[in-house]
Amino acid sequence: MSTMFFLNLPVKDLSTATAFYEGLGYSKNPQFSDENATSIVISDTIVVMLLVEPFFKTFTTKEISDTATSTEALLGLSAESREAVDTIVDKALATGGSEGNALQDHGFMYSRSFQDPDGHIWEIIWMDESQIAG
């Protein structure tokens, strides 16, 4: 079995957050979704759990970050091409997201980012692997 990655994100409005991620083309797993959480399948090994804030708080004793004034993390996903980066970010902006950090173009690496409706910052990154020494 491959190692899976589960990202738990607090959200203010579950239906808005769910619609946003479905609008990006990701699917909802109804088996692990209810009125407190939506399971969003990014890939076979990556799942984003959208948890309403009161439910999220049951898993931690720390305060939830205020994404309007601070960044709790930068979440990165790879893309197959520069065009795929633009497609994903443009779709995010059209589906209710907002601009994230400035575009970065280093020739061999290209990235753009967006914020989801709850202010979580996602970076979409393409790298030309032929230019990476290894």
Q.
Taking the criterion of being small (Gly, Ala, Ser) and farther than 15 Å from residue 124 by Cα, would at least one residue in segment 36-43 satisfy it?
A. yes
Q.
Going residue by residue through segment 68-76, is there one that turns out to be among the hydrophobic types (A, V, I, L, M, F, W, C), closer than 16 Å to residue 25 by Cβ and modelled with pLDDT of 95 or more?
A. no
Q | Criterion (on the phi > 0 side of the Ramachandran plot and assigned by TED's automatic domain parsing to the domain that holds residue 126) met by exactly one of 25, 107, 76, 97 | A | 107
Q: Have a look at 43, 15, 27 and point out the one that is closer than 17 Å to residue 116 by Cβ, of a type outside the set (Lys, Arg) and free of Cβ contacts under 8 Å to residues at least 12 places away in the same chain.
A: 15
Q | Hits in segment 69-112 (condition: among the polar types (S, T, N, Q) and touching a helix residue (DSSP H, G or I) at 6+ places or on another chain (Cβ under 7 Å)) | A | 95, 111
Q: Please enumerate the residues belonging to segment 77-110 that are in contact (Cβ under 8 Å) with a residue 40 or more places away in the chain and of a type in the set (D, E, K, R).
A: 80, 82, 91
(Q) Go through (1) at pLDDT 95 or above; (2) more than 27 Å from residue 12 (Cα to Cα) for residue 128 and report which single condition fails. (A) (1)
Q.
When you scan segment 42-59, do you find a residue that is small (Gly, Ala, Ser) and within 14 Å of the chain's Cα centre (by Cα), even just one?
A. yes
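The values are calculated or read from the model by the stated rules, or taken from the named source; none is laboratory data. For clarity, every value in this text was computed on a predicted model and none was experimentally measured. FYI the Cβ positions are ideal-geometry reconstructions off the backbone, even for glycines, and counts take in every protein chain you see.
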